[in-house]
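Shown next, in structure tokens, is the structure this report addresses.
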Amino acid sequence: MASAPSVRYPVRRSPFLARMLGLTWLVGFLALAWAWPMPDWRWGFGVPGLLLAGAAAVRFWIRTAQGELRWDGGAWQGPNDSPLCAGPMVRFDGQRWMLVQVRLAGPQGSQEHRWLWLEAATDPPAWAALRHALFAKAHPGHAAADIMHE
């Protein structure tokens, strides 16, 4: 496979992802509300579970990284110019949306895992190049001079 061209892609918190997380939580709430006429021991698990799921969804959305993901033809640079310990790992590919996990290098050799929710609508002209870079194998030694999209 040919080396992917250099690319810069903006990363931001997604309103679409927030709506999908909220909709998922709402389905759980409606399922619990539907069982309202007959509360029993299941409510002892359902209500705390629903509250924890909502809190986890909000925390996940708030902690999604923001900035710019860059591929220079040989190495990845994470949001806020953080070097990556390894290449990004695509965890979900929905063609127009992707969930990507990155490991950012921290102080004294520590690593921090971050999630990036990437959408084609954020930068349509650079989407194909980003997908190519994420799924291509890295070929070290390529120049970073020709950034495809700035």
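Select from segment 38-52 the residues that are open to solvent by 100 Å² or more (accessible area, probe 1.4 Å) and under 22 Å from LEU21 (Cα atoms) and list them in ascending order.
PHE45, LEU51, LEU52
With the condition kept exactly as written, say whether any residue in segment 87-97 is without any contact (Cβ under 8 Å) to a residue 24 or more places away in the chain, in a helix (DSSP H, G or I) and open to solvent by 30 Å² or more (accessible area, probe 1.4 Å).
Checking segment 87-97: not a single residue is without any contact (Cβ under 8 Å) to a residue 24 or more places away in the chain, in a helix (DSSP H, G or I) and open to solvent by 30 Å² or more (accessible area, probe 1.4 Å).
Which one is farthest from GLY28 (Cα to Cα) among residues in segment 59-75 that are open to solvent by less than 30 Å² (accessible area, probe 1.4 Å) and either assigned to a helix (DSSP H, G or I) or in contact with a strand residue (DSSP E or B) (Cβ under 8 Å, 6 or more places away or on another chain) (or both)?
So, considering only residues that are open to solvent by less than 30 Å² (accessible area, probe 1.4 Å) and either assigned to a helix (DSSP H, G or I) or in contact with a strand residue (DSSP E or B) (Cβ under 8 Å, 6 or more places away or on another chain) (or both), the one farthest from GLY28 (Cα to Cα) is GLY73.
Can you find even one residue in segment 111-132 that is modelled with pLDDT under 85, among the aliphatic types (A, V, I, L, M) and out of contact with any His (no Cβ under 6 Å at 6 or more places or on another chain)?
Within segment 111-132 (the criterion being modelled with pLDDT under 85, among the aliphatic types (A, V, I, L, M) and out of contact with any His (no Cβ under 6 Å at 6 or more places or on another chain)), the answer is no, since none of the residues qualifies.
From the list ALA105, ALA31, ALA56, ALA35, pick out the single residue that is modelled with pLDDT of 90 or more, open to solvent by 30 Å² or more (accessible area, probe 1.4 Å) and farther than 24 Å from ASP123 by Cα.
Just one listed residue meets the conditions, ALA56.
Would you pick out the residues in segment 108-132 that are open to solvent by less than 60 Å² (accessible area, probe 1.4 Å) and either under 16 Å from PHE60 (Cβ atoms) or of a type outside the set (Ser, Thr, Tyr) (or both)?
ARG114, LEU116, TRP117, LEU118, GLU119, ALA120, ASP123, ALA126, TRP127, ALA129, LEU130, ARG131
Is it true that some residue in segment 1-19 is exposed (fewer than 12 other Cβ atoms within 10 Å of the Cβ), of a type outside the set (Gly, Ala, Ser) and assigned to a helix (DSSP H, G or I)?
Looking for residues that are exposed (fewer than 12 other Cβ atoms within 10 Å of the Cβ), of a type outside the set (Gly, Ala, Ser) and assigned to a helix (DSSP H, G or I), one finds at least one in segment 1-19, hence yes.
When both residues are 6+ apart or on different chains and their Cβ atoms are under 7 Å apart, which pairs have a first residue that lies in segment 105-116 and is assigned to a loop (DSSP other than H, G, I, E, B), and a second that is surrounded by 12 or more Cβ atoms within 10 Å (Cβ to Cβ) and charged (D, E, K, R)?
Between residues of segment 105-116 that are assigned to a loop (DSSP other than H, G, I, E, B) and residues that are surrounded by 12 or more Cβ atoms within 10 Å (Cβ to Cβ) and charged (D, E, K, R), the close pairs are GLY106/GLU112.
Go through (1) farther than 15 Å from SER14 by Cα; (2) surrounded by 15 or more Cβ atoms within 10 Å (Cβ to Cβ) and name the single condition PHE135 misses.
All conditions are met except number (2).
The values are calculated or read from the model by the stated rules, or taken from the named source; none is laboratory data. This is a predicted model, so every value here is computed, not measured. No Cβ is skipped: glycine too gets one built from the backbone with ideal geometry, and neighbour counts run over all protein chains shown. Note: accessible area is taken over every heavy atom of the protein model, side chains too, but ligands, DNA and RNA are not part of it. Shrake-Rupley method; radii C 1.70, N 1.55, O 1.52, S 1.80 Å.
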